[in-house]
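Here is the structure we will look at, set down as structure tokens.
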Amino acid sequence: MKIATYNVNGVNGRLPVLTRWLRESAPDVVILQELKAPQDKFPRGPIEDLGYQAIWHGQKSWNGVAILSRVGEIHETRRGLPGEPGIGQDPPQSRYIEAAVNGVLIAGLYLPNGNPRPGPKFDYKMAWFDRLIAHAAGLVETGLPVILAGDFNVMPTAKDVYKSERWTDDALFAPEVRAAFARLIDQGWTDALRTIHPDETIYTFWDYFRNAYQRNAGLRLDHMLLSPALSARLTDAQVDRHVRGWEKSSDHAPVWIELADDPAG
């Protein structure tokens, strides 16, 4: 089974890019972030025309998450984290969605950016991250096969950023944020990309400015984490880097993994 995550950076504005990639790459399950579309403006029709079912947690502005599947029914289990913190938003920010698909629990997220740091946006990022870590611990304890995937807005190590010294004051590379990611991993999650590419310079995001993509001045912000019950099934993990070079593409590239069939299934 091929499962992908993609910060599409505006699902309606990037719909030609998204549908082209879906046809070309043909993932079985897709987790989308940054829909930038209210609930009633999600492009359900064009996505269903490609053979995908969809659930989504939409919101105008920069939020919104979705799960697509072409291999089985999507059984939604949660939208929003339990006890999710807020900073006065009404409605709350749309950053988390969870569903069972084809025997795997899919948890899709869009972690807050947190800039500028310090400040209320950074405090919100850390509070949200704490709630994610608490919920993720419960997911691991279930013993179920779980994928925790999306745009974490975290560069875990210096290997995950071009010229890390330039990011020392940024919320995406803050010591507290990287420590929180490490606490999450320590619950038993497997970082799929780093497992397959332990030493490779591999990025998932390139800024629109300063020819970042052409210079490969990127960041690794998009992660796919596998629970202990699922990690042994990982056979491949890649970034569709070329998609970032398409006209009017997102500043992120899709990340995908391949899972072997469940021997128990």
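Quick look at the values:
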read-out: Helix-only CD estimate at 222 nm, as mean residue ellipticity for the chain, using -39500 (n - 2.57) per DSSP H run (n ≥ 4); value: -6500 deg cm²/dmol
read-out: Cα gyration tensor shape of region 155-263, rounded if a/c is under 1.5, else prolate or oblate by comparing a/b with b/c; value: oblate
read-out: Residue of Ser164, Ser249, Ser227 that the Gaussian network model of the chain assigns the largest fluctuation, springs spanning Cα pairs under 10 Å; value: Ser164
read-out: Those lysines that a straight Cα-Cα span of less than 20 Å connects to Lys125, excepting residues fewer than 8 apart in one chain; value: Lys36, Lys60
read-out: Residue with peak Gaussian network fluctuation, the chain [Cα springs, cutoff 10 Å], from Ile185, Ile97, Ile67; value: Ile185
read-out: Within the chain, longest stretch free of exposed trypsin sites (Lys or Arg not before Pro) [DSSP loop, at most 12 other beta carbons within 10 Å]; value: 1-162
read-out: Exposure proxy order (Cβ contacts within 10 Å, fewest to most) of Tyr208, Tyr110, Tyr203; value: Tyr208, Tyr203, Tyr110
read-out: Principal semi-axes in Å for the chain [√(5λ), Cα gyration tensor, largest first]; value: 24, 21, 20
read-out: Tensor-based shape of region 95-157 (alpha-carbon gyration tensor, a/c under 1.5 rounded, otherwise prolate or oblate); value: prolate
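Here, each number is a calculation from the coordinates, and none is a lab measurement. Source: prediction; values computed, not measured. Quick reminder, even Gly has a Cβ in these numbers, built from the backbone with ideal geometry, and neighbours come from all protein chains shown.
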